[in-house]
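*Asks:* Structure below; questions to follow.
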Amino acid sequence: MSQQQPEHVVEIANLTKTFPRGNITALENIDLNLRPGEFVSLIGPSGCGKSTLLRVIGDLVEPTQGTVTVNGKTARQARAGRDYGIVFQDAVLFDWRTVTKNIALPLELLGWDRAKRRRRVEEMLELVELTGFADHHPWQLSGGMQQRVSIARALAFEPALLLMDEPFGALDEMTRERLNLELLSIWEKLGSTVVFVTHSISEAVFLSTRVVVMSPRPGRIAGIVDIDLPHPRGVETREEPRFFELVTQVRELLRLRGEHLLPEEAAALSE
Amino acid sequence: MSGIVVTGISPGMGRRLGRQAREWIPAVVVFVAAIGLWEGVIAAFDIQQFLLPKPTDIAKACWDERHTLWPAGWYTFKEALGGFALGSLAGMAAATLIGRFKTLGSALMPIAIAANAIPIIAFAPIFNAWFDPLSPNSKIAIAAVLCFLPVMVNTLRGLQSASPRQIELMRSYAASNFTIWRRVRVPTALPYVFTALKVASVLAMIGAVVGEYFGGSYDALGVLIRSKAQILDFQIAWAGILVASVLGIALYAAVVAAERLVVRWAPDGRDS
């Protein structure tokens, strides 16, 4: 069987999601393709369905209409094949497991043997700079450290795709900026594709290669902004004029969101 | 002298023991003061021994009658233990089934919660009629029924209180329902289960002793307490109650010890 590298890691075609309870249309006619190695942020007002979109990609929510392809497979097959890792807003760690065992959980489910698990956990602890906390329990760690454990767990089995649902939303500004830097350097090192849901414009611009701006319910793509800031990015990136231009561009798109742009208008704006 | 005693205990351990001792001191002081007050009040107001014997008299009876009291206590303790094990296991099994099959749960839970409010101990004479009143089985049965409901209700609550996010995470790993049950639901439920087991350990001892008040073998503690009270031998009746208390506390302490062993991840300073 010849396995060809698919052109897109994620292909979303004509996706609509309605929730029967309350007859809410969360997502309407979403078309979006993600190339390998892209860092794509989904940004939009609360309730615009960006988290739902993330869950549809992860096959945690079923679409009402349309198709989602991950690594050339259906979303269901991709989940069964453990093609993606996920990070939520709170770290979702298991209190009864140490840091090591939390990170090793997906590896256990994949049936890795003990020695292989231990080696990988050590690598991951180094990656997220938590060496020395291996035997701590989650409640002994700060919020930022817990989220780093959660990222290490999501990356432990080297998934091609990383789904992140407002991972730093509950953290204070300083921790958040530090973790942004860490996440960028991890992404530059590993080259995985990232889908990143966020509320923060500057965070989206700083991290991403593309920012997908969504309109309020029913969630549609209001526009896509290509972020052409050079890599590697650092603290100084946030002070560049180009950074502010891009932030303004995203903000404009978000501001116009309510006026239900025609697709041509949206395209014009995101040029 | 003291140098020899301290040898082999690390400074950290010594500090920890010291801190534990300090935490216990107030309780010990209050206990000793209460016993002293009890002794003093009886002497001061010349209270009749059938109303309230002196602690020293109870202690003396406990020693004098040790060859009848402790075997009787052990007999009753075994009944309580049997009922505790039977009722708790059945409660956990029922909770597992109800948690697995939702319709079963919605049909049975309202009934179970209503049944939980029934004073089951009132059924003790009925159980003596159903089983042989002289055999331990009738007491094991009442203790088991007393333990069943709290354990079932709490275990079910524990199994259902797993965080939806944790379950979503497991689903992202394509984990089966059984894997989710074993790795998320059961560990989440364990603290709830132990809370229920602590309650059940107390109820089991009450069930066995009270069951025996309505008739039972002459080897049983409840029968002994009742017959001694009837012939106005109150020191011995009180000594019997003391034995029942010590055994009840022992069972409770055993559950707490098991909890510490199993639920090791919880932060320090939990209540027990």
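*Asks:* Quick check on the range B:159-166. Is at least one of its residues under 24 Å from the mean Cα position of the chain (by Cα), away from chain A (no Cβ under 14 Å) and touching a residue at least 60 places away in the same chain (Cβ under 8 Å)? Even if it seems obvious, please write down each step before you answer.
*Replies:* Taking the range B:159-166 and keeping what is under 24 Å from the mean Cα position of the chain (by Cα), we get B:159.
Still in the running and away from chain A (no Cβ under 14 Å): B:159.
Next, from what is left, pick out any that are touching a residue at least 60 places away in the same chain (Cβ under 8 Å): B:159.
Taking every residue of the range B:159-166 in turn, at least one turns out to be under 24 Å from the mean Cα position of the chain (by Cα), away from chain A (no Cβ under 14 Å) and touching a residue at least 60 places away in the same chain (Cβ under 8 Å).
*Asks:* So is A:Lys116 surrounded by fewer than 19 Cβ atoms within 10 Å (Cβ to Cβ) and either in contact with a helix residue (DSSP H, G or I) (Cβ under 9 Å, 6 or more places away or on another chain) or away from chain B (no Cβ under 14 Å) (or both) or not?
*Replies:* Working: surrounded by fewer than 19 Cβ atoms within 10 Å (Cβ to Cβ): yes; either in contact with a helix residue (DSSP H, G or I) (Cβ under 9 Å, 6 or more places away or on another chain) or away from chain B (no Cβ under 14 Å) (or both): yes.
Answer is yes for this residue.
*Asks:* Name the strands (runs of 3 or more DSSP E) wholly inside the range A:22-97 in which the number of residues that are within 14 Å of another protein chain (Cβ to nearest Cβ) and buried (at least 22 other Cβ atoms within 10 Å of the Cβ) is 2 or more.
*Replies:* Passing ranges, in order: A:84-87.
*Asks:* If we scan the range A:42-57, do we find a residue that is over 30 Å from A:Leu246 (Cα atoms) and free of Cβ contacts under 8 Å to residues at least 60 places away in the same chain? Before you say what the answer is, go through the steps one by one.
*Replies:* Taking the range A:42-57 and keeping what is over 30 Å from A:Leu246 (Cα atoms), we get none.
No, the range A:42-57 has no match at all.
*Asks:* Something else now. Against the conditions (1) touching a residue at least 60 places away in the same chain (Cβ under 8 Å); (2) assigned to a strand (DSSP E or B); (3) within 30 Å of A:Gln249 (Cα to Cα); (4) under 19 Å from the mean Cα position of the chain (by Cα), where does A:Leu15 fall short? Just the number, please.
*Replies:* (1)
*Asks:* Is there a residue being in contact with a Lys or Arg (Cβ under 8 Å, 6 or more places away or on another chain), small (Gly, Ala, Ser) and either more than 19 Å from B:Glu65 (Cβ to Cβ) or touching a residue at least 24 places away in the same chain (Cβ under 8 Å) (or both) anywhere in the range B:196-203?
*Replies:* Within the range B:196-203, not a single residue is in contact with a Lys or Arg (Cβ under 8 Å, 6 or more places away or on another chain), small (Gly, Ala, Ser) and either more than 19 Å from B:Glu65 (Cβ to Cβ) or touching a residue at least 24 places away in the same chain (Cβ under 8 Å) (or both).
*Asks:* Name the single residue, out of those in the range B:167-189 being aromatic (Phe, Trp, Tyr) and under 16 Å from B:Arg100 (Cβ atoms), that is farthest from the other protein chains (Cβ to nearest Cβ). If you could, list the steps in order and put the result at the bottom.
*Replies:* Residues of the range B:167-189 that are aromatic (Phe, Trp, Tyr), as a first pass: B:173, B:178, B:181.
Then drop every residue that is not under 16 Å from B:Arg100 (Cβ atoms), which leaves B:178, B:181.
Working: B:Phe178: 12, B:Trp181: 14 Å.
Checked the range B:167-189; the qualifying residue farthest from the other protein chains (Cβ to nearest Cβ) is B:Trp181.
*Asks:* Working carefully through the options B:Ala174, B:Ala196, B:Ala200, B:Ala204, find the one that is over 25 Å from B:Gln20 (Cα atoms), part of a loop (DSSP other than H, G, I, E, B) and among the aliphatic types (A, V, I, L, M). I'd like the intermediate steps shown before the answer.
*Replies:* On the way: B:Ala196 fails: part of a loop (DSSP other than H, G, I, E, B); B:Ala200 fails: part of a loop (DSSP other than H, G, I, E, B); B:Ala204 fails: part of a loop (DSSP other than H, G, I, E, B).
Result of the check over B:Ala174, B:Ala196, B:Ala200, B:Ala204: B:Ala174.
*Asks:* With the structure loaded, tell me whether B:Trp74 is at negative phi, modelled with pLDDT of 90 or more and surrounded by fewer than 16 Cβ atoms within 10 Å (Cβ to Cβ) or whether it fails that test. Working first, answer last.
*Replies:* Numbers: at negative phi: yes; modelled with pLDDT of 90 or more: yes; surrounded by fewer than 16 Cβ atoms within 10 Å (Cβ to Cβ): yes.
The answer is yes for B:Trp74.
*Asks:* So, B:Trp70, is that one among the aromatic types (Phe, Trp, Tyr), in a helix (DSSP H, G or I) and within 26 Å of B:Ala208 (Cβ to Cβ) or not?
*Replies:* On the way: among the aromatic types (Phe, Trp, Tyr): yes; in a helix (DSSP H, G or I): yes; within 26 Å of B:Ala208 (Cβ to Cβ): yes.
When the stated conditions are applied, B:Trp70 passes them.
Residues are listed down the side, and each one gets a yes or a no for (1) at pLDDT 95 or above; (2) at positive phi; (3) in contact with a strand residue (DSSP E or B) (Cβ under 8 Å, 6 or more places away or on another chain):
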{"site": "B:Ile142", "(1), (2), (3)": "no, no, no"}
{"site": "B:Met152", "(1), (2), (3)": "no, no, no"}
{"site": "B:Leu159", "(1), (2), (3)": "no, no, no"}
{"site": "B:Ser172", "(1), (2), (3)": "no, no, yes"}
{"site": "B:Thr179", "(1), (2), (3)": "no, no, no"}
{"site": "B:Ala189", "(1), (2), (3)": "no, no, no"}
{"site": "B:Gly215", "(1), (2), (3)": "no, yes, no"}
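*Asks:* Buried (at least 22 other Cβ atoms within 10 Å of the Cβ), β-branched (Val, Ile, Thr) and within 14 Å of another protein chain (Cβ to nearest Cβ): which single residue out of A:Val213, A:Val149 fits that description?
*Replies:* On the way: A:Val213 fails: within 14 Å of another protein chain (Cβ to nearest Cβ).
Result of the check over A:Val213, A:Val149: A:Val149.
Residues are listed down the side, and each one gets a yes or a no for (1) touching a Phe, Trp or Tyr at 6+ places or on another chain (Cβ under 9 Å); (2) among the charged types (D, E, K, R):
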{"site": "A:Ala152", "(1), (2)": "no, no"}
{"site": "A:Phe157", "(1), (2)": "yes, no"}
{"site": "A:Thr198", "(1), (2)": "yes, no"}
{"site": "A:Arg210", "(1), (2)": "yes, yes"}
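*Asks:* Given the options B:Tyr218, B:Tyr192, B:Tyr213, name the one that is free of Cβ contacts under 8 Å to residues at least 40 places away in the same chain, aromatic (Phe, Trp, Tyr) and more than 14 Å from chain A (Cβ to nearest Cβ).
*Replies:* Working: B:Tyr192 fails: more than 14 Å from chain A (Cβ to nearest Cβ); B:Tyr213 fails: free of Cβ contacts under 8 Å to residues at least 40 places away in the same chain.
Residue meeting the stated conditions: B:Tyr218.
*Asks:* Turning to a different aspect of this structure: How many residues does the range A:113-146 contain that are without any contact (Cβ under 8 Å) to a residue 24 or more places away in the chain and farther than 24 Å from A:Asp172 by Cβ?
*Replies:* 10
*Asks:* Can I ask one more? Considering (1) among the aliphatic types (A, V, I, L, M); (2) touching a residue at least 12 places away in the same chain (Cβ under 8 Å); (3) within 24 Å of A:Phe88 (Cβ to Cβ), say which one B:Leu169 fails and leave the rest.
*Replies:* Here B:Leu169 clears every test but (2).
The values are calculated or read from the model by the stated rules, or taken from the named source; none is laboratory data. On a predicted model such as this, the values are computed, not experimentally measured, just so you know. Glycine gets a Cβ as well: all are built from the backbone with ideal geometry, and neighbour counts include every protein chain shown.
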